[in-house]
2 protein chains.
Amino acid sequence: MPTKSLLDRKAAGSTIKKMKATLSRERVLKTAAQVFAEKGYAGTTMRVVAERAGLQAGSLYYHYRSKEELIEAVLSMGLRGVADSVRLAVAAVPETASARELIDTAIIAHLTSLLEYGDYALASRRLLGQVPPRIRRKHIDLRDEYGDFWLALLETALGSGELRPGVDLHLARAFTLGALNYALEWYRPGGKPLEEIGSEFSLMICDGIFSRRLSE
Amino acid sequence: MPTKSLLDRKAAGSTIKKMKATLSRERVLKTAAQVFAEKGYAGTTMRVVAERAGLQAGSLYYHYRSKEELIEAVLSMGLRGVADSVRLAVAAVPETASARELIDTAIIAHLTSLLEYGDYALASRRLLGQVPPRIRRKHIDLRDEYGDFWLALLETALGSGELRPGVDLHLARAFTLGALNYALEWYRPGGKPLEEIGSEFSLMICDGIFSRRLSE
DNA sequence: GTCTATACTTTGATAGAC
DNA sequence: GTCTATCAAAGTATAGAC
């Protein structure tokens, strides 16, 4: 039955093509995240991304229609990835838990997923000001929604009386996220285990780096 | 005496020219810092810097020989400015002061001068990875020297028993500088006074955001 | 899907008039 | 000191062969 055989071969060929397309597309995206994070938006050329992904420059345009479409994909991955991970982790905390446990979970989830998303997270936090206005607005909104989530988390802790009374929640959020996001600049795998870093950071954020003076 | 008069006029003209040159040079540098901080290294064009500084593109090259020379000047200003301010402030603390007072001073000086140097500080921290290799190395060294200074500061505090025992000094430094440097991203003048922000940050870094549980 | 070739645009930098 | 004019290099993106 030549007809069926032909169909089979055709179907098989199409499937392989799609798999190849998906693989290439992901490799391009990952490479783009690396280069964007390192060189900035304008400093990233389609030629370099293509070269590092093992393609010719023209071939990129089969997977992404433009440089703008490429940076959009990178930014979304970096912002949504981390935000979703943290929301998920926090949602899994039992209702009975203290606000401290909630924030402890959020801190560790943020740090962990941030480093897991690596160059995506880096690019999405470094390049927001460099990309074309339309893209910038969209992703600044994403970032701010996640910021609101953190503010709500801190409000809970303040409401339950666990935060130091009178603490400025906006400052506390900036303080926390700043300390955590900076890990993108210094963290290198191979040192202290990530879980350890996470719990030490959580301790520093919640209780500071100085000894407690019980006399106070 | 036409001779003397001529000399006078010539000297006066030369002086005015020099003043004009200095003014333009500084305006160009300041403008460059703004654009670099916003758009990244490659995203900053000499034409845009010139335009915002009220000059034609070609005229920039009278003040700076190249784009590289321009970014070097911006980076140096941002890194040296903050580092020198903090060292100066710490050096002025009395010998009798506690390590806590020393670090409190450093925190506030870092935050204050960081925001004072604004776009210079921003550019020098965002663009290190984007600039040509030769320039990058030089300024990464500058940044690392300042990092050593902070590590020494924390070692002092650990040595005097004021830090929580067993705290990882490298992590504590990353934690502190991360929280502080992030202010470059969110701080806008017009809100809470900078002194207030400084002391609240110092409190959060040293004692955390949670209430102290005296029972522990 | 990927390659080669190429059209079009922008950029850093220079030269010479004023 | 600043301007105008201009060049060579490098960038994004497209078109058509394979």
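The values are calculated or read from the model by the stated rules, or taken from the named source; none is laboratory data. Predicted model, so just to flag it, every value in this text is computed and none were measured. Note that each Cβ is placed from the backbone with ideal geometry, even for glycine, and that neighbours are counted across all protein chains shown. Protein only, heavy atoms only, side chains kept; ligands, DNA and RNA dropped before computing areas. Shrake-Rupley method; radii C 1.70, N 1.55, O 1.52, S 1.80 Å.
Here is how the numbers come out for the structure above:
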| read-out | value |
| --- | --- |
| Accessible area per residue, Å², chain A with all protein chains present, probe 1.4 Å | 52 Å² |
| Contact surface B-A: accessible area buried, both sides summed, square angstrom, 1.4 angstrom probe | 4400 Å² |
| Within a Gaussian network of chain A (alpha carbon springs, distance under 10 Å), most fluctuating of A:Arg65, A:Arg126, A:Arg80 | A:Arg65 |
| Label spacing, shortest first and in nm, from B:His170 to its equivalents in the remaining copies (7 angstrom along Cα→Cβ) | 3.7 |
| Efficiency of FRET from Cβ geometry, A:Thr15 and B:Ser76, R₀ 60 Å, rounded to 0.05 | 0.55 |
| Greater than 27 Å apart at Cα, pairs in A:Lys20/B:Lys39; A:Lys67/B:Lys39; A:Lys67/A:Lys192 | A:Lys20/B:Lys39; A:Lys67/A:Lys192 |
| A:Glu195-B:Asp141 pseudo-label distance in nm [points 7 Å out on the Cα-to-Cβ vector] | 4.2 nm |
| Solvent-accessible area, 1.4 Å probe, carbon plus sulfur percent, for the protein assembly as shown | 56 percent |
| Distance histogram in 10 Å bins (all Cα pairs of the range B:31-105, percent per bin) | 17, 36, 17, 16, 12, 2 |
| Label geometry 7 Å along the beta-carbon vector: A:Ser66 inter-copy distances in nm | 3.3 |
| P(r) weight above 29 Å for chain B, C-alpha pairs, percent | 41 percent |
| In degrees, nearest ten, helix A:99-116 long axis to first principal axis of chain A (Cα) | 30 degrees |
| Length-normalised contact order for the range B:66-216 - Cα pairs under 8 Å, 6+ apart - percent | 30 percent |
| Centroid-to-centroid separation of the range B:162-193 and the range A:64-120 [C-alpha atoms, Å] | 22 Å |
| Using a 7 Å Cα-to-Cβ projection, A:Lys192 label spacings across copies, nm, ascending | 2.8 |
| Per-residue mean of C-beta atoms belonging to partner chains within 10 Å, peptide A:37-43 | 6 |
| Choice from A:Val48, A:Val82, A:Val35 showing the highest fluctuation, given a GNM over chain A with Cα pairs closer than 10 Å | A:Val48 |
| Kirkwood-based Rg to Rh ratio, the range A:103-216, C-alpha trace | 1.01 |
| Gyration tensor (alpha-carbon) shape descriptor, the protein assembly as shown, a/c threshold 1.5 | oblate |
| Most mobile listed residue (A:Tyr117, A:Tyr146, A:Tyr61) in chain A, GNM with C-alpha springs under 10 Å | A:Tyr61 |
| MRE, 222 nm, helices only [DSSP H, n ≥ 4, -39500 (n - 2.57), over chain B, to nearest 500] | -25500 deg cm²/dmol |
